[in-house]
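Please treat every number below as a calculation from the coordinates, not as lab data. What you see is a predicted model, and the numbers here were worked out from it, not measured in a lab. All Cβ positions, even for glycine, are placed from backbone atoms using ideal geometry, and neighbour counts span all protein chains on display.
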């Protein structure tokens, strides 16, 4: 199944090849460092949400003080994984 929506189109973004030491194993799975902000992000989160842990959704951001302005998202990276193989 392919998702050709602009949100998941990686042609406008940067691409990087992951080296074996880019993956970090923890009790609850494998993690990468977000290339934009450096926050640890699980592979499952990249697949399911396409955002890192530093991203704040506009629907759940907290307000700052009495002026009730929303905080800017801390990280704006849209993340995805590609599996490439040859035969």
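A straight chain from residue 33 to residue 18 at 0.36 nm per residue would run longer than the Cα-Cα distance by 4.3 nm. Under the simplified labelling scheme, the residue 74-residue 26 pair shows an inter-label distance of 1.3 nm, with each label point 7 Å from Cα along Cα→Cβ.
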